[in-house]
Amino acid sequence: MDRLSIRLAAGITILVVGLLAVGLSALSAHHSSRIIEERKRAAELQNRLLEVMLRHQMLVKDKELIAASLAEVGAQPDVRRAMILDHKGVVRASSDPRRIGETIPRDSETCVACHREDPDQRERWVLLDSAEGATLRSVQPIENRPECHECHEPTERMNGMLILDVSLDGVMAQIRR
């Protein structure tokens, strides 16, 4: 083979490999975003179901059942924690009893991610990076419905937030593979 043929073959090989690398990178990014979107939808559904269950438990004023339900949810393999916060950010119930009474200030890094948006524009989830690893936080507002007014002031629009933190470590490992 002459030098021109070798250069032409090398150039075509580099071009093809480069295009394949770009295509594979784009496909990988698309696949990653799809996996995370699916996990977001699943976490939001979990949170809505949990909110319905807890609302009924609150109406019958069964704090032990609420605590047991949150502990059961928090014991699931990918769940880091489930918490109920009042409208001031005080943890009122949690899958981790040590967090009860803790105040999460609205200007904390985990809250600002959502609260920098107008309420109508907010997503119900946020991706957090912490010492624990990548976490998907799903937030479900707890509305102050008429049946809640026996214990909660009717003037308040919301009674608090239900927060479900789900580990994304398995998802991230899958994406890396």
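The values are calculated or read from the model by the stated rules, or taken from the named source; none is laboratory data. Given the structure is predicted, the values throughout are model-derived calculations rather than measurements. Glycine also receives a Cβ, built like all others from the backbone with ideal geometry; neighbour counts cover every protein chain displayed. Heavy atoms of the whole protein, side chains included, go into the accessibility calculation; ligands, DNA and RNA do not. Shrake-Rupley method; radii C 1.70, N 1.55, O 1.52, S 1.80 Å.
The table for this structure:
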quantity	calculated
The lone exception for Ser95 - which of (1) within 18 Å of the chain's Cα centre (by Cα); (2) surrounded by 14 or more Cβ atoms within 10 Å (Cβ to Cβ); (3) over 18 Å from Val166 (Cβ atoms) it fails	(3)
Boolean, Ala113 is among the hydrophobic types (A, V, I, L, M, F, W, C), open to solvent by 20 Å² or more (accessible area, probe 1.4 Å) and free of Cβ contacts under 8 Å to residues at least 40 places away in the same chain	yes
Total residues in region 98-108, condition touching a residue at least 12 places away in the same chain (Cβ under 8 Å), open to solvent by 60 Å² or more (accessible area, probe 1.4 Å) and in a loop (DSSP other than H, G, I, E, B)	3
Any hit, region 124-131, residues being open to solvent by less than 70 Å² (accessible area, probe 1.4 Å), in contact (Cβ under 8 Å) with a residue 40 or more places away in the chain and among the β-branched types (Val, Ile, Thr)	no
Qualifying position, being among the hydrophobic types (A, V, I, L, M, F, W, C) and more than 23 Å from Thr110 (Cα to Cα), among Leu19, Leu45, Leu70	Leu19
Filter result for Ile6 (of a type in the set (A, V, I, L, M, F, W, C), surrounded by 10 or more Cβ atoms within 10 Å (Cβ to Cβ) and touching a residue at least 12 places away in the same chain (Cβ under 8 Å))	no
Hits in region 112-140 (condition: among the small types (Gly, Ala, Ser) and in a helix (DSSP H, G or I))	Ala113
Filtered residue count, region 160-171, keeping only those that are out of contact with any helix residue (DSSP H, G or I) (no Cβ under 6 Å at 6 or more places or on another chain) and either assigned to a strand (DSSP E or B) or without any contact (Cβ under 8 Å) to a residue 12 or more places away in the chain (or both)	5
Hey, Arg176 surrounded by fewer than 17 Cβ atoms within 10 Å (Cβ to Cβ) and more than 23 Å from Glu38 (Cα to Cα) or not	no
Qualifying positions in region 23-45 - open to solvent by 100 Å² or more (accessible area, probe 1.4 Å) and either more than 30 Å from Gln140 (Cα to Cα) or more than 45 Å from the chain's Cα centre (by Cα) (or both)	Leu24, Leu27
Residues (under 15 Å from Thr110 (Cβ atoms) and open to solvent by 20 Å² or more (accessible area, probe 1.4 Å)) located in region 138-166	Val139, Met161
Condition met for Ile104 (hydrophobic (A, V, I, L, M, F, W, C) and touching a helix residue (DSSP H, G or I) at 6+ places or on another chain (Cβ under 8 Å))	yes
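Yes or no, residue by residue, for (1) modelled with pLDDT under 80; (2) not polar (S, T, N, Q):
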| site | (1), (2) |
| --- | --- |
| Ser5 | no, no |
| Leu19 | no, yes |
| Glu51 | no, yes |
| Ala75 | no, yes |
| Ser95 | no, no |
| Gly101 | no, yes |
| Ala113 | yes, yes |
